[in-house]
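Peer 1: Sharing a structure, written as structure tokens. Questions coming.
The values are calculated or read from the model by the stated rules, or taken from the named source; none is laboratory data. Predicted model, so just to flag it, every value in this text is computed and none were measured. Here the Cβ positions follow ideal geometry from the backbone for every residue, glycine too, while neighbour counts run over all protein chains shown. Surface accessibility is based on the protein's heavy atoms, side chains included, excluding ligands, DNA and RNA. Shrake-Rupley method; radii C 1.70, N 1.55, O 1.52, S 1.80 Å.
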Protein chains: 4
Amino acid sequence: MTIQRFFSDNAARVHPRVMEAIAAANHPDTAYDGDALSAKLDDAFSDLFETRCTALWITTGTAANSIALAHYARPWQGVICHEEAHIEVDECGAPAMYSGGAKLILAGGEGAKLSPETITEKCGQIRADVHQVQPSVVSITNASEYGLAWRPAEVAAAGEACRAHRLKLHMDGARFANAVAFTDASPADVTWRAGVAALSFGFVKNGGMNAEALVFFGDQDLSGVRELRKRGGHLMSKGRFAAAQLLAMLEDELWLANARAANAGAALIAQAAGERLMHPVEANELFVRLSADEAASLRAQGFDFYDWGSGAARLVTSWDQDAAAVAPLADALRAL
Amino acid sequence: MTIQRFFSDNAARVHPRVMEAIAAANHPDTAYDGDALSAKLDDAFSDLFETRCTALWITTGTAANSIALAHYARPWQGVICHEEAHIEVDECGAPAMYSGGAKLILAGGEGAKLSPETITEKCGQIRADVHQVQPSVVSITNASEYGLAWRPAEVAAAGEACRAHRLKLHMDGARFANAVAFTDASPADVTWRAGVAALSFGFVKNGGMNAEALVFFGDQDLSGVRELRKRGGHLMSKGRFAAAQLLAMLEDELWLANARAANAGAALIAQAAGERLMHPVEANELFVRLSADEAASLRAQGFDFYDWGSGAARLVTSWDQDAAAVAPLADALRAL
Amino acid sequence: MTIQRFFSDNAARVHPRVMEAIAAANHPDTAYDGDALSAKLDDAFSDLFETRCTALWITTGTAANSIALAHYARPWQGVICHEEAHIEVDECGAPAMYSGGAKLILAGGEGAKLSPETITEKCGQIRADVHQVQPSVVSITNASEYGLAWRPAEVAAAGEACRAHRLKLHMDGARFANAVAFTDASPADVTWRAGVAALSFGFVKNGGMNAEALVFFGDQDLSGVRELRKRGGHLMSKGRFAAAQLLAMLEDELWLANARAANAGAALIAQAAGERLMHPVEANELFVRLSADEAASLRAQGFDFYDWGSGAARLVTSWDQDAAAVAPLADALRAL
Amino acid sequence: MTIQRFFSDNAARVHPRVMEAIAAANHPDTAYDGDALSAKLDDAFSDLFETRCTALWITTGTAANSIALAHYARPWQGVICHEEAHIEVDECGAPAMYSGGAKLILAGGEGAKLSPETITEKCGQIRADVHQVQPSVVSITNASEYGLAWRPAEVAAAGEACRAHRLKLHMDGARFANAVAFTDASPADVTWRAGVAALSFGFVKNGGMNAEALVFFGDQDLSGVRELRKRGGHLMSKGRFAAAQLLAMLEDELWLANARAANAGAALIAQAAGERLMHPVEANELFVRLSADEAASLRAQGFDFYDWGSGAARLVTSWDQDAAAVAPLADALRAL
């Protein structure tokens, strides 16, 4: 029996076109990011986002997030984020290391989304004195930790709250593609037009191998950003292999096609899950109520996934698990 | 005219067998380092080094060095290293970031090598009080920044000096392969048998794509090491593509074959360079006295390389620049 | 009209006996902590705590807390504390700076006390992997931020929970004196006998000028502690003036007498406040429901204090505000 | 036999007028730096320096230096300083901790002075890329570690070199008073008029107890400075006792009178030392060639001091060791 794995999109195969691009990059070129492929990134992302972008390849989302936050927060400042944000829960304190000690200031919010009201409220609770850490940046996650996609108007409201308190807005887009595929919003509308200053744009979960993009929008003072990448040990010698991945993903909208496939898989499972769903399914993550017996039954049929506390499971679909591919799981779920 | 590039081995092509291994790894497996290939690393390196090793893949040498040093040095402690060491000169302060502020304590030494006498002398100069940063670890580079290979006895002497002062010994082996290829020493003799606790074992400069190995020898308390890798954003989701590279390099001693080829290329150029050499050529780096006119002449003939201050040049050969490949440069050099 | 100030004990006068001790220390001696008075601290605190202690003078509680926590937590580790703890709320991220980035892991708890159940629960919620920051130390505050005193049995239960999870236990005792004065527990019973490894023992709020004590109990590896004090810029040249304060406070139990006076003042006000009290008054802090009009009325009569959100006030009594001194405020409160 | 101590001015008595000012400050006032005395500092220093100053009290010079440098250097940047500077040699890495990892970039220079040529040369040696740490600030020490006083023109030349490379200029003035007393320069001429942005103005070595001043000149963005003081645990509750010291030292130029007395003592000893002097004596430090026998002889006569390597000694005079007071030592030295 082949096991169908729904643990995470982060362990999926690399898309063949990405593999081809990597293979095609195997000729000598200038080291680090001095090569011809890396030189194309700014333009490629600028085209996609309809504004001048500075785009850096980075190996992981953790590093991309940390570099962006360390750029915007001095060591004694803080980052407002959701208490279930990846930067708080799953990055082993990386933002604190990169920033020299900046603090994550935690807030709640339905579906792991940080509402504009929460941003404003949180700012209001912080006394403007030297005893309390003052925030300088807000980080939101799109899609959220529970797979919810931000609409442009939602981001714009958060952006407005940030502007009012002179905070930069960072978006952790580990599953940005899935979110955009769901809302059909233009990448520009859901980012810089809504006030986002920097985006950690995820590709690894979406068919890449080991390259994410850190995208800064418009004309910003970016001093320190490239230093932080080097300082974190992320300035790879043969950067062209990272750049090749990103360019392949952008070409002919492969990133969107992959995300749509994963979303379609998730949607089909969601239909089958019905009342079991704990959160709306907007991207490619499903949180499903499932008894221990039911989980065991699914596993016995060859489907595997993470338990989510007790009585529930998390399933994630990948770019190569579209509706057709996940039909057996959907059937099995219905049959429970 | 095709340009023959001698800028650095870090920009060379990836070896075909490494490319094949990467392609072969493109199937789903557990994320991070939970995959089947990553699980083989400890054994593979243990075989090579004839002792129990713990081996982690890491994207860059900068990160590998920093993680090792941050493991051995608490924030208020120091790392003794050569004033021309890569960690001091070319890593944008990465060890300070990873360690939470540990200090590099600099010393001199012929050919960028740190002699045991220098280690002892440096320790003697540091007052044992709280005003001065106390060292906890020494880092040496093999091959050194000037391409000199450490003999086992030299390392053992450094190791002895470290033991006497209760210092751990780390080896930055960005070009460890080239050094071993030159001395023909056993990897064990030039590392743990000589007192080395941890080795940053470089593969990227030697035919890899983006994976180095951080190797800890024997039974050590390694608490914090994996946390540091995660915290630096270096725990890649699809770690199998890194593990695949390392395993391919170890298989049938590809790492040694590649290094021997590069060394042979360097040796041929060295012969041609004769009196021009500023340092003995033991690995794959050449430092050559060259007037501006001579450099221009070589460049006009299609050879390129870095200037090294004025009146000199640095040339580095890669795994695909063996004696046959570099013969034209050797000829041109002789003809100057 | 003289204003009677109930803002905080941290702004009160220095006790005359402390002033005298400072004046008496004004003769040359060895710099830093090499003087005769500093040399007496270990013994003086060992006597008080009935076990071998290592005691360092430190200028502020913020620094004492940070040094203790940075000693017990490596940069990638965490400190479990109450979400209203001073280290979280009022120290501008100092523990993160001293430790090189360690994280405060927040938990709730009635009266700003961290229960053993909460410690255990929090540990249970943290996955034992490298993605999540692992705690190495717990910090509790005695008296708590709401002025509640820990009983020895309570501390022992927290200590037991820490031992079970291999966590060190630190006590922030900015108002340790007031807590001990209330419970009448022996200093030993409420600290090391109950599992506390280190105590930030506050004196400034209790009649000192600018010296707190950081006390480590028993035989511990204290490497790094004195380095951290120096590194924080807290190794004063003329340390004898700090040591003199601590010795004066310990002599004839001045610290307890002062705390008892402050507590007595608070108790008298508490009696008058009656139903207005938001927390039991065990030490010298009072949280009192007070309308804006009532607050204004008290201020018009010459009493001043901090508002505590809206509809409430915080009042703190000092060593020189005993029952007799605060009688007018008690009367005014009753008369509202 | 009374021992006459020439170890360091940092262990000397506190001047009686400072003691009186401390005693006079012993009444309740607002906590931290909200008191009436702290409020006077900006004006007092502005008067002295003939320009608008922001002045903060800080317990130690180490903290003052670190806060200034952490303000001007981001974690990935560097501080150019002399290789024998106190911040490099005697502060246990404090600047690295406060700044979140900024690097000290070391340079040589006669008498522990950093010449403008050296600053320029050092900048020239640093490649403007992300691999090397880029400096953002220069720190000079006045009087230097060897007791040499900077003339206004010298500082201005250093300031000019800094401006040319867009570097801020910080002055560690642990013995600023002694330097100014020697040159008779106006405080303004030797600081901000010569390009100094911030001064760590030492008082403890000159008759204070435990308060130094960190002075920023003119209109600067000082965001972060007060946060760093708090974050370092240096925002004392009863700040008025620190402010009182600084105000007492400024009043009637006590700081200059004290420095002149110490300098006069040093000058008399210098006369006696003659050929033995290793550096010109401009402030209150003397470096004297002295055989082991000679040193023993002086000690036998009741004079004590630090050995300076072998065959030499360091002697420092304090504000209460003027020419009359040190005459016996001068005689003894002559008699050797």
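Peer 1: How far apart are the D:MET278 label points across copies, placing each 7 Å from Cα toward Cβ, in nm, shortest first?
Peer 2: D:MET278 label point versus its equivalents elsewhere: 3.4, 6.2, 7.0 nm.
Peer 1: Out of residues 5 or more away from A:LEU104 or on other chains, whose amide H comes under 5 Å of its own, with H placed 1.01 Å from N in the peptide plane?
Peer 2: Close amide H contacts, sequence-distant or interchain: A:VAL79.
Peer 1: For the range D:1-73, what does the alpha-carbon gyration tensor say about shape, rounded, prolate or oblate, given a ≥ b ≥ c as the root eigenvalues, a/c under 1.5 as rounded, and a/b over b/c as prolate?
Peer 2: It comes out oblate by the Cα gyration axes.
Peer 1: Taking a label point 7 Å out from Cα toward Cβ, give me the nm distances from C:GLY34 to the same spot in the other copies, shortest first, one decimal.
Peer 2: Spelled out, the distances from C:GLY34's label point are 4.1, 5.2, 5.7 nm.
Peer 1: Go through the range B:59-84 and flag every residue whose accessible area shrinks by 10 Å² or more with all protein chains in place compared to the isolated chain (probe 1.4 Å).
Peer 2: Checking the loss per residue gives B:THR59, B:THR60, B:THR62, B:ALA70, B:HIS71, B:ARG74, B:PRO75, B:TRP76.
Peer 1: Determine the order of C:LYS230, C:LYS103 by accessible area, beginning with the largest, at a probe radius of 1.4 Å.
Peer 2: C:LYS103, C:LYS230
Peer 1: Another question, then. On a straight-distance basis, which lysines could pair with D:LYS238 in a cross-link, Cα separation under 22 angstrom, same-chain partners fewer than 8 positions away excluded?
Peer 2: Straight-distance partners of D:LYS238: C:LYS205, C:LYS230, C:LYS238, D:LYS40, D:LYS205, D:LYS230.
Peer 1: Taking 2.2 N^0.38 Å as the expected size of a compact globular protein, what ratio does the Cα radius of gyration of the protein assembly as shown give against it, to two decimals?
Peer 2: 0.96
Peer 1: Now, a different point. Which lysines have a Cα less than 19 Å from the Cα of A:LYS122, not counting those fewer than 8 places away in the same chain?
Peer 2: A:LYS103, A:LYS113, A:LYS168
Peer 1: Then there is this: Long-range amide H contacts for B:THR60: which residues qualify at under 5 Å (H placed 1.01 Å from N, peptide plane, sequence gap of 5 or more or a different chain)?
Peer 2: B:GLU212
Peer 1: Ok, one more. Quantify, in whole percent, the carbon and sulfur part of the accessible surface of the protein assembly as shown (1.4 Å probe; protein heavy atoms only).
Peer 2: Heavy-atom surface of the protein assembly as shown belonging to carbon and sulfur, 1.4 Å probe: 50 percent.
Peer 1: Give me the distance between the Cα centres of the range B:1-71 and the range C:75-121, rounded to whole Å.
Peer 2: Taking the Cα centre of each part, the range B:1-71 and the range C:75-121 sit 38 Å apart.
Peer 1: Let me ask something else. Taking every DSSP beta bridge that has both residues in the range D:16-253, what percent is antiparallel when rounded to the nearest 5?
Peer 2: About 35 percent, rounded to the nearest 5.
Peer 1: Looking at the range C:223-240, which residues lose a minimum of 50 Å² of accessible area between their chain alone and all protein chains in place, measuring with a 1.4 Å probe and not counting ligands or nucleic acids?
Peer 2: Relative to the lone chain, where solvent access is computed with a 1.4 Å probe, the range C:223-240 loses at least 50 Å² at C:GLU227, C:LYS230, C:ARG231, C:GLY233, C:MET236, C:LYS238.
Peer 1: Another question about this same structure. So how exposed is D:LYS40, as accessible area in Å² (1.4 Å probe, rounded to 10)?
Peer 2: 110 Å²
Peer 1: Let me check something: with ligands and nucleic acids excluded, how do C:ARG193, B:ARG13 order by accessible area (1.4 Å probe), largest to smallest?
Peer 2: C:ARG193, B:ARG13
Peer 1: A follow-up question, please. What's the buried accessible area, both sides, between D and C using a 1.4 Å probe, rounded to 100 Å²?
Peer 2: The D and C chains share an interface burying roughly 3900 Å².
Peer 1: Here is a follow-up. Could you give, in nm with one decimal, how far A:ALA312 is from each other copy of that position, shortest first, with labels 7 Å out from Cα toward Cβ?
Peer 2: Once sorted, the set of distances for A:ALA312 reads 3.1, 6.4, 7.0 nm.
Peer 1: State the answer as a single residue: which of D:ILE126, D:ILE87, D:MET278 lies farthest towards the positive end of the charge dipole of chain D, with beta carbon charges of +1 for Lys and Arg and -1 for Asp and Glu, about the Cα centre.
Peer 2: Value computed over the given set: D:ILE126.
Peer 1: Please report the relative contact order for the range B:16-252, taking Cα pairs under 8 Å with a sequence separation of at least 6, and give it as a percent rounded to a whole number.
Peer 2: That works out to 30 percent.
Peer 1: Using amide H atoms built 1.01 Å from N in the peptide plane, name the residues 5+ places from C:GLN134, or on other chains, whose amide H lies under 5 Å from its own.
Peer 2: For C:GLN134, whose amide H was placed from the backbone, the distant partners under 5 Å are C:GLY78.
Peer 1: Pairs of Cα atoms under 8 Å, at least six residues apart: use those to get the relative contact order of the range A:108-236, whole percent.
Peer 2: 21 percent
Peer 1: Would you tell me the accessible area of A:PHE216, worked out with a 1.4 angstrom probe on the heavy atoms of the protein chains, in Å² to the nearest 10?
Peer 2: 0 Å²
Peer 1: On to the next question. Have a look at the DSSP beta bridges in the protein assembly as shown and tell me what percent are antiparallel, nearest 5.
Peer 2: Restricted to the protein assembly as shown, the bridges split so that about 45 percent are antiparallel.
Peer 1: Can you give me the accessible area per residue for chain C, using a 1.4 Å probe, in Å²?
Peer 2: 33 Å²
Peer 1: Hey, got the dipole for the protein assembly as shown? About the Cα centre, +1 on K and R Cβ, -1 on D and E Cβ, debye to the nearest 20?
Peer 2: 0 debye
Peer 1: Additional query: Would you look at the GNM of chain A, springs on alpha carbons closer than 10 Å, and say which of A:ASP129, A:ASP35, A:ASP184 moves the most?
Peer 2: A:ASP129
Peer 1: If you don't mind, there's one more thing I want to ask. Measure off 7 Å from each Cα along the Cα-to-Cβ vector at C:ASP219 and B:ALA36, then give the distance between these two points in nanometres to one decimal.
Peer 2: 5.2 nm
Peer 1: While we're looking at this one, here's another question. Given contacts defined as C-alpha pairs under 8 Å and at least six residues apart, what's the relative contact order of the range C:1-104, whole-number percent?
Peer 2: Computed value for the range C:1-104: 19 percent relative contact order.
Peer 1: For chains A and D related by rotation, which residue of A has the Cβ nearest the axis, and what is the rounded distance in Å?
Peer 2: A:GLY100, 1
Peer 1: With springs only between Cα atoms under 10 Å apart, run a GNM on chain C and tell me which of C:VAL326, C:VAL180, C:VAL133 wobbles the most.
Peer 2: Result: C:VAL133 has the largest fluctuation of those listed.
Peer 1: Follow-up question, since we're still on this one. Considering only DSSP beta bridges whose two residues both sit in the range A:149-296, what percent are antiparallel, to the nearest 5?
Peer 2: Given both bridge residues lie in the range A:149-296, the antiparallel proportion sits at roughly 55 percent.
Peer 1: Also, quick follow-up: Connecting C-alpha atoms closer than 10 Å in a GNM of chain A, tell me which of A:GLY124, A:GLY195, A:GLY309 has the biggest fluctuation.
Peer 2: Looking only at A:GLY124, A:GLY195, A:GLY309, the biggest GNM fluctuation is shown by A:GLY309.
Peer 1: Also, I was wondering about something else. Average projected area of the Cα convex hull of chain A, in nm²?
Peer 2: Average of the hull's projected areas for chain A equals 17.0 nm².
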